[in-house]
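Report on one structure; see the data block that follows.
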Amino acid sequence: MQPRMTLADFLVAYLRRAGVKEIFGLPGDLVLRLFARLVGRRQKMITFSHEPAVGFAADGYARATGALGVACVTYGAGGNNMVNAIAGAYAEHVPLLVVSGGPGEQEYKHGTLIHHQARAIDSQLRIYREVTAAAEAIDDPRTAAEKIDHVVRTLWREQRPGYLEIGRDMVERRIPVSGAIRQAASPLEGRHSDARRVEEAARETAERLNRARKPLVFVGIEAFRFGAQRDVVRLCERIGAPILTPMLAKGSVPMDHPLYMGVVGTLSPPAIRRRVAEADLVVQLGCLETDLGAFPHPPSGEHSIRAIDNRVEVSLHGYADVTLRDFAHALLGQKLRRHTEKVPYHDNLPPPPAWLRPGGKAPPSRRDGTVKVSDVLHVLNHFLKERRDYVVVAEAGDMLFAGVDVRAGGTASYFAQGFYASMGFGIPGAMGIEIGTGRRPIVLCGDGAFQMTGPEISHAPGYGLKPIVLVMNNGGWGIFRPVVKRPSVLEIPPWPYAELARLWGGAAERVTRGPDLLRALERAERSDRFSVIEVMVARTDLAPLSRKYIRASSRK
């Protein structure tokens, strides 16, 4: 970096210093000049067909890599189009920088009416202030570098999106860059802890753990977001107590870990709810509570230790300015009693079909030519059992609940919008994950969600991506059928999903039997292209957990 440089050169250098290698975007008139400057030898631009997919892909990239995701779009029609994806990233604590084109300096000063303007000239900026940790319009060269630095540092510290609106006449303007910014290391710097409070919180927590007879550990999404996952897993191994994850945090602990018991919530299997009720101490590490993952029998203050949002609460004592990462590391330095409880894994699935067992015979086709959702999940778990290099991505709707019962091995092997649950995340999010990690995703997607963003998979061949998509075709918005009195409002057009995939350059097949699904997955694995497997599902069939959720919701 130089004391004076063009804004475009500064932004490229700044993002490079932050480790950004891929930018997701879609061009438009007010961002064309900046868009072209962001593409270089060290930073690749990944484009999609629609701005929501740009946001979802950048979100998936950031979730899976732990790095900064960047999305670049134009003002108005582009930026407003992407708000839903950014709202999801905000709700689920994903660090994502939105770079938007914007009106020029004089247009801002005089309120000149320009095309793509929704209401006031600063409407988009004000909209994004609702769904970001920091949002700034870059319309003055004297403060440009400081504003960019402020937004990126804030979004990283908060692990939530940030927004920069760069005036179209600012791209080639020369801006001053302070010595502090030029000499600083990467701006991706987390919060710092108060060392004395960390040690005191760790000491008191160790005392409580060593007195406990039946402790439990809940590992939340912050363990993954704030880079504490490795120490948290090591800590759980030192304690030896069962590990549970809320729905939002599924995948933050390897699902084949011998201490992993399953997903905790009010609708968890009875064995999990009983074990929670028996616990005399529950340690919650980075758990964000949501309505889809509320904890059964929440422990009272004296039987609870909670580390969340840079604060630790040990029974009735609170310690501010203590990050989860530092807290877990300090606990590893304490003498901890190790428990030796045998931990069984629990899910919501019925027993596996006989034909999946060794020597089992394939059954005849069901009369209606469909596959049960529970059988799909059994087949997928069977397929994944010896394969630890896949990532599973669950779409919203019935597949979000189905994904809870998927068991994938390895670290960071499962992703879903477990709280915001916006349909359309799955396929573009999975492509962002594959771009960032190189791991091949398997996407669980309903036919309704596929009609939203599924066609974005046509970009996969151009980027060498090979996701495997299971399109669960039940002919509509199936998850709502049990609760809607007029089913006709849930119908959708009957797309030829497999045929479309072939036209877009992928491999595809249609499946009407469970055993055929297993063989289809094996063929997709061998393919060097993306694959769409259209699974025919009965109109009224749902994932086991969806049925539980609908029954509980109807009682409310």
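I need the peptides 7-17, 449-459, 202-212, 349-359 ranked by packing, meaning the mean over residues of other C-beta atoms within 10 angstrom, with the highest value on top.
449-459, 7-17, 202-212, 349-359
Counting DSSP beta bridges in segment 4-183, what percent are antiparallel, to the nearest 5?
Taking every DSSP beta bridge with both residues in segment 4-183, the antiparallel ones total about 10 percent.
In nm, what is the difference between 0.36 nm times the number of residues separating V489 and Q43 and their Cα-Cα distance?
156.1 nm
Note the per residue figure in Å³ for the convex hull of the C-alpha positions in segment 210-320.
99 Å³
What fraction of the DSSP beta bridges in segment 354-555 is antiparallel, stated in percent and rounded to the nearest 5?
5 percent
Given R₀ = 35 Å, what would the calculated FRET efficiency be for H150 paired with R366, taking r from the Cβ atoms and rounding to 0.05?
So, using R0 = 35 Å, E works out to roughly 0.05.
Report the full-extension gain for the segment R142 to E302: residue separation times 0.36 nm, less the Cα-Cα distance, to one decimal in nm.
Stretched out fully, the R142 to E302 stretch lengthens by 52.3 nm.
Considering the options L400, Q334, G506, tell which one lies farthest towards the positive end of the dipole of the chain, charges being +1 on Lys and Arg and -1 on Asp and Glu at the Cβ, about the Cα centre.
Of the options given, the answer is Q334.
In what sequence, highest mean first, do 421-428, 313-320, 152-159, 282-289 appear when ranked by Cβ atoms within 10 angstrom? All intermediate terms of the calculation are to be shown ahead of the outcome.
On the way: 421-428: 28.0, 313-320: 16.0, 152-159: 20.9, 282-289: 24.4.
In descending order of packing, they fall as 421-428, 282-289, 152-159, 313-320.
Mind checking the dipole of segment 324-380: about its Cα centre, +1 per Lys or Arg Cβ, -1 per Asp or Glu Cβ, Debye to the nearest 20?
Dipole size: approximately 200 debye.
With the dipole of segment 475-549 worked out from charges on the C-beta (+1 for Lys and Arg, -1 for Asp and Glu) around the Cα centre, which of V532, P496, S546 lies farthest toward the positive end?
S546
Taking θ = phi - 60°, what integer Hz values does the Karplus form 6.51 cos²θ - 1.76 cosθ + 1.60 yield along segment 385-394, in sequence order, with x for Gly and Pro?
Per-residue couplings from phi come out as 4, 9, 10, 9, 9, 9, 10, 9, 10, 9 Hz.
Percent of Cα-Cα pairs per 5 Å bin, from 0 to the last occupied bin, for segment 433-556, please list those.
Bins of 5 Å from zero give 2, 10, 19, 21, 17, 13, 10, 5, 2, 0 percent of pairs.
Send over the Kirkwood Rh of the chain, from the inverse of the averaged 1/r over different Cα pairs, rounded to one decimal Å.
Computed over the chain, the radius equals 24.8 Å.
Two decimals is fine: what's Rg over Rh for segment 1-125, C-alpha atoms, Kirkwood radius as Rh?
Reported Rg/Rh, Kirkwood definition of Rh: 0.97.
Given labels modelled 7 Å from the Cα in the Cβ direction, how far is it in nm from R526 to L113?
6.4 nm
Need one number: % antiparallel among DSSP beta bridges in the chain, to the nearest 5.
Taking every DSSP beta bridge with both residues in the chain, the antiparallel ones total about 15 percent.
As a footprinting exposure proxy, order M399, M1 by other Cβ within 10 Å, with the fewest listed first.
M1, M399
Coordinate-derived values only; no laboratory data. This structure is a prediction, so every number in the text was calculated from the model and none was measured. Note that each Cβ is placed from the backbone with ideal geometry, even for glycine, and that neighbours are counted across all protein chains shown.
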